[in-house]
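Heads up, the thing below is written out as structure tokens.
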Amino acid sequence: MHLGTPTCQAVHLLDFLKHTESTYLYLVGDIIDGWQLRRRWYWPQAHNDVVQKVLRKARKGTHVTYVAGNHDEVMRHFLGLAFGGIDVRDEVEHVCANGRRFLVIHGDLFDAVVQRAKWLAFVGDQLYLFTLKLNQWLNGLRGKMGLPYWSLSQFLKHKVKNAVSYISDFEAAVAHEARRRAFAGVVCGHIHKAEMRDIDGILYCNDGDWVESLTALVELESGELRIIDWKAIEALREGYHPPLDGVPIAHAVAD
């Protein structure tokens, strides 16, 4: 989510929260961006509305779990505690309706850069923010030309060899940990790349982000997991039909 940054798509996130209900809600790390808030305070009303909406869900009976990440690592000082009905954890086990057990983590503990060279992670964060700002300018121009949203950073991740290798290594490491602990799969975030795929018998699920991709991982009543592309859902509600290469990631629309 990265609440506390100008790039957080809080209005779209609030729309998602208003249109979905669940028994369990997992906030999979980097919910509040402490790294950026320490540099510059940024907290518009929309970000406060998101927090209030999550607290309201908790009050009404949704089991809300806040899994701490590296950008909100201060929350790791409060593991095992609950605030406003929201449990704070470093990791949690989720059992799907079909009995499959999933490890739910943020994933930064399996990121060699974050663990071994934190200064490099901060530099990378600044470069990522620059890319997002450039992306906003490009998409403003594309909007004036009548073109749909396009993600520069996602494009770079897919095209730059080292970035592709980094993502692949991260996914393999997370899946290996789930296998070692006899889970059927793993749910994580951290690298901002929504993905669902089998890695040596482990279902790897990354829920993406609410900065660029506007994606969430959801469980259907059958226990099946899907990635929801909220940008595509909003486009369909507004009457825009994307080309075939821009269909929702999971081909699913929430009722």
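In a DSSP loop and with at most 16 other Cβ atoms within 10 Å, the GluC sites (Glu not before Pro) in region 1-93 are 21. Modelled spin labels at residue 87 and residue 100, positioned 7 Å past Cα toward Cβ, are 2.2 nm from each other.
With the simple spin-label model, which puts each label point 7 Å out from Cα in the Cβ direction, the residue 237 to residue 78 separation comes to 3.0 nm.
Annotation: aspartates and glutamates with alpha-carbon distance below 12 angstrom to residue 231 (same-chain offsets under eight excluded): 15, 209, 212. Summarising the amide proton neighbourhood of residue 214: residues at separation of 5 or more, or on other chains, whose placed amide H is nearer than 5 Å comprise 209.
Read-outs throughout are calculated quantities, based only on the coordinates presented, and are distinct from any laboratory measurement. Model, not experiment: these values are computed from the prediction. Positions of Cβ are generated from backbone atoms using ideal geometry, with glycine treated the same way; all protein chains shown enter the neighbour counts.
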